[in-house]
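Have a look at the structure below, then the notes.
The values are calculated or read from the model by the stated rules, or taken from the named source; none is laboratory data. Because the structure is predicted, anything quoted here is derived from the model rather than measured. Here the Cβ is made from the backbone with ideal geometry for all residues, glycine too, and neighbour counts use every protein chain on show.
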Amino acid sequence: MFKFLELRNLDTFYFNTVIKYCREVFHYSIKETNALVGKLQSKDNEQVKAHVLYADCLGELVGFVIFYYLPKNKVGFVEALYILEHYQDQGIGRQLYWHMMDFLKERYPQCEGHVLEICQDKENYLRRKAFFLKQGCIPVALDFFSLDPVVSKSGIRILYQPYRLNQVYSLKTMQEIFREMAINLVHTISVPVRFRARAKKRLG
């Protein structure tokens, strides 16, 4: 019933629908939208690359996930995961999440895992937290890192999903990942590091 596909053509109803929800749900600005489009269209394998996977039901987009591959540190970053209201609580979010992981592993065999931030909105926060922990995500304690206090004390929740059981990361490695994200991602703001992967509201 549901198909999970990569959004490649940006001149489609599907892409326009994704952008609509990015603006309405995740409050993308025009600048942020343009930055996303640029990374989706990038052909440079040495630069951060954006991807969109979407769930389709009988020709209708019912959910999507926006994510990136960061080549310098060989990790992915989940920017946004959203399931339309009428299709929530059907397991679509979980399937979309795992299709995203399979995509990263196949497209970038060197990818070692991905990072995400849980949206801090109080509504459904515990449910979002339980969802990602159930998928195998590991919480990252930002106060362990030499980050600007604005970031380390901000209360944002960063999770990491490793792709290998024997993975070991040093503090230096994680700091390099944070630095690459801060420099290259769409939603970087004026503090040194800010991650806005926002798995908003219900995940399905």
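Confirm whether Val48 is crowded, with 18+ Cβ neighbours inside 10 Å and either within 19 Å of Gly76 (Cα to Cα) or among the small types (Gly, Ala, Ser) (or both).
Values: crowded, with 18+ Cβ neighbours inside 10 Å: yes; either within 19 Å of Gly76 (Cα to Cα) or among the small types (Gly, Ala, Ser) (or both): yes.
The answer is yes for Val48.
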Q | Any hit, the range 48-55, residues being over 13 Å from the mean Cα position of the chain (by Cα), closer than 13 Å to His114 by Cα and not in a helix (DSSP H, G or I) | A | no
Q: Would you check which residues across the range 40-69 are free of Cβ contacts under 8 Å to residues at least 24 places away in the same chain and in contact with an Asp or Glu (Cβ under 7 Å, 6 or more places away or on another chain) and list them?
A: none
Q) Looking at the range 16-39, which of its residues are of a type in the set (A, V, I, L, M, F, W, C), within 17 Å of Leu81 (Cβ to Cβ) and either crowded, with 17+ Cβ neighbours inside 10 Å or touching a residue at least 24 places away in the same chain (Cβ under 8 Å) (or both)? A) Val18, Cys22, Val25, Phe26, Leu36
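Okay, residues lined up against (1) surrounded by fewer than 18 Cβ atoms within 10 Å (Cβ to Cβ); (2) modelled with pLDDT of 95 or more; (3) assigned to a loop (DSSP other than H, G, I, E, B):
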{"residue": "Phe64", "(1), (2), (3)": "no, yes, no"}
{"residue": "Tyr68", "(1), (2), (3)": "no, no, no"}
{"residue": "Gly76", "(1), (2), (3)": "no, no, no"}
{"residue": "Ala80", "(1), (2), (3)": "no, no, no"}
{"residue": "His86", "(1), (2), (3)": "yes, no, no"}
{"residue": "Asp89", "(1), (2), (3)": "yes, no, yes"}
{"residue": "Gly93", "(1), (2), (3)": "no, no, no"}
{"residue": "Leu96", "(1), (2), (3)": "no, yes, no"}
{"residue": "Met101", "(1), (2), (3)": "no, yes, no"}
Q) When residues of the range 7-29 are filtered for being farther than 20 Å from Tyr69 by Cβ, touching a helix residue (DSSP H, G or I) at 6+ places or on another chain (Cβ under 9 Å) and assigned to a helix (DSSP H, G or I), how many remain? A) 2
Q) What are the residue pairs meeting all of these: first residue in the range 91-109, first residue under 15 Å from Lys49 (Cα atoms), second residue among the hydrophobic types (A, V, I, L, M, F, W, C) and surrounded by 13 or more Cβ atoms within 10 Å (Cβ to Cβ), Cβ atoms under 7 Å, and 6 or more apart or on different chains? A) Met100/Leu53; Met100/Val65; Met100/Phe67; Phe103/Leu53; Leu104/Cys111; Lys105/Cys111
(Q) Take the residues in the range 121-135 that are under 17 Å from the mean Cα position of the chain (by Cα) and surrounded by 13 or more Cβ atoms within 10 Å (Cβ to Cβ); name whichever of them is modelled with the lowest pLDDT. (A) Tyr125
